[in-house]
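Okay, so here's the structure we're looking at.
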Amino acid sequence: MKSKSQFLFFTAFVFGAYCCSPKGDGSVSEVIVNGDKVYVFSLNDLKSDTTILPLSSLVEDCALVQLESNEDAYVNPWFTTVTDKYIGVRQRSNKPYMLFDRSGKFLCKVGSIGGGPGEYTISLYDDIIDEKNELVYLASMNSDKILVYNTSGQFLKDIVAPHRLQKPKMFLSNDVLTIVHMPFSNDRAVAIQFDVNTGEVLKELASPPHLIVQSFDGELFNTRNAPGIFDFLHTGSDTLYYFDVKNNKILPAFMMTFDSSEKPYKQYYQLNKDMLLTFVFGKGLVAIDLKNKTSSWINVVNDYYGNMPAPTYIVQLRDGYWVHNIQTEQLIEDIENRLAKRDCTESDKQILNKTLSTLEEGVNNVVFIGKLKSEVKTKLW
């Protein structure tokens, strides 16, 4: 049986017919919704086998970066944002945003905890590093302001919204900053677009009833992995959405169906334009190949570093990169565990031991960084 929110999706949006392609394994189909293509993944039609997927099939390269160790630079990471020039660390426990260069050199703290200008009083919920203009945008979990700094950590200005933004997610394109958040019933907009130069509100989108929340219990997730696509998942809905910046519209893009009276908790996230991942809590990770209309349970291993397990959840996959920010002591333990496995080959051992020799306990975190491939060129399973 379909969940209530799935039923609402179909009754509210689907006016066309299924366009089922004969391609694929039968687990992925398409629906035309008001002229737009929506992919539908059937959990029931997913094969039970698990594919061991090498990280090299998803990323172009993989580097290990040691973050600088000094009294001011130690991090307690929550989300890590990577660009060509920078590594930004959004921390847990109301700690400030930390900015490093791609070699791991500590550059500055961006903003601080407090109630004054350029300070945030509650945990940060999203960040964008605009390296073209040397700017950093920070969004608090609950505020009417987006804070703007330069990459030296200096506060420049606020971009002020017409009402408070609950758990906002950001997208930057052509000097337009778009915010999508979790609106309450008295919030007039679910999405707001700003001119980043003047702070002027350019467009607003009224909150649709199925996205209005009553509490802070839910979450918004996004990746910004596929160029030009502002993807977001509202955990109160069964649908992954794209925000059409040009036309100021929310478009359904992907959903999962299942035959169960109990709705599984899941996260959808975009890997690139051809692939989505669905993490089904309590069951595992599913990769959905939209190009070939196939799907599989997957376990990803880091074949660049001795085939250690490679975490591939939404915290690791953002802004076009696979990023794994880990304590040095934990990485040492992970390497030692991998070395003890029976399937650890001599080649794996050589790579792992070489990596182990570069690590030192008591220093700052290390960060694995791999640039995501922009498309799926061959079938992966």
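Tabulated data for the structure shown
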item	result
Matching option when the condition is of a type in the set (Ser, Thr, Tyr) and at pLDDT 55 or above, among 5, 57	57
Leading residue by the ranking (nearest to the chain's Cα centre (by Cα)) among those in region 235-271 that are in contact (Cβ under 8 Å) with a residue 60 or more places away in the chain and closer than 22 Å to residue 201 by Cα	243
Subset of region 131-154 [over 30 Å from residue 236 (Cα atoms) and either surrounded by fewer than 18 Cβ atoms within 10 Å (Cβ to Cβ) or among the aliphatic types (A, V, I, L, M) (or both)]	131, 132, 133, 134, 135, 150, 152, 154
Checklist (1) within 21 Å of residue 222 (Cα to Cα); (2) of a type in the set (A, V, I, L, M); (3) at pLDDT below 95; (4) touching a Pro at 6+ places or on another chain (Cβ under 7 Å) applied to residue 122, failing item	(4)
Among the candidates 122, 113, residue that is aliphatic (A, V, I, L, M), more than 25 Å from residue 317 (Cα to Cα) and surrounded by fewer than 19 Cβ atoms within 10 Å (Cβ to Cβ)	113
Long-range neighbours under 8 Å by Cβ, at least six apart or interchain, first residue farther than 17 Å from residue 90 by Cα within region 139-162, second assigned to a strand (DSSP E or B) and among the small types (Gly, Ala, Ser)	144/161; 145/161
Selected residue [modelled with pLDDT of 95 or more and of a type in the set (A, V, I, L, M, F, W, C)] from 216, 230	230
Test for residue 103: is it over 30 Å from residue 263 (Cα atoms) and part of a loop (DSSP other than H, G, I, E, B)	yes
Failed item, numbered, when residue 101 is tested on (1) surrounded by 19 or more Cβ atoms within 10 Å (Cβ to Cβ); (2) in contact with a strand residue (DSSP E or B) (Cβ under 7 Å, 6 or more places away or on another chain)	(1)
Residue within region 64-72 that is open to solvent by less than 20 Å² (accessible area, probe 1.4 Å), touching a residue at least 40 places away in the same chain (Cβ under 8 Å) and either outside any loop (DSSP other than H, G, I, E, B) or not basic (Lys, Arg) (or both) present	yes
Selection count where residues are part of a loop (DSSP other than H, G, I, E, B) and surrounded by fewer than 15 Cβ atoms within 10 Å (Cβ to Cβ), scope region 185-218	12
Count of region 219-234 residues which are part of a loop (DSSP other than H, G, I, E, B) and either open to solvent by less than 50 Å² (accessible area, probe 1.4 Å) or free of Cβ contacts under 8 Å to residues at least 24 places away in the same chain (or both)	6
Total residues in region 349-364, condition touching a helix residue (DSSP H, G or I) at 6+ places or on another chain (Cβ under 8 Å), open to solvent by 10 Å² or more (accessible area, probe 1.4 Å) and of a type outside the set (A, V, I, L, M, F, W, C)	6
Test result for residue 180, open to solvent by less than 40 Å² (accessible area, probe 1.4 Å) and at pLDDT below 95	no
Elements of type strands (runs of 3 or more DSSP E) in region 235-312, at least 2 residues being open to solvent by 20 Å² or more (accessible area, probe 1.4 Å)	239-244, 249-257, 294-302
Test: residue in region 366-374 that is open to solvent by less than 20 Å² (accessible area, probe 1.4 Å) and among the polar types (S, T, N, Q)	no
Leading residue by the ranking (nearest to residue 212 (Cα to Cα)) among those in region 155-171 that are assigned to a strand (DSSP E or B) and open to solvent by less than 50 Å² (accessible area, probe 1.4 Å)	166
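The values are calculated or read from the model by the stated rules, or taken from the named source; none is laboratory data. Since this is a predicted model, take the numbers as computed values, not measurements. Quick reminder, even Gly has a Cβ in these numbers, built from the backbone with ideal geometry, and neighbours come from all protein chains shown. These area figures cover heavy atoms from the full protein model, side chains too; ligands, DNA and RNA do not enter into them. Shrake-Rupley method; radii C 1.70, N 1.55, O 1.52, S 1.80 Å.
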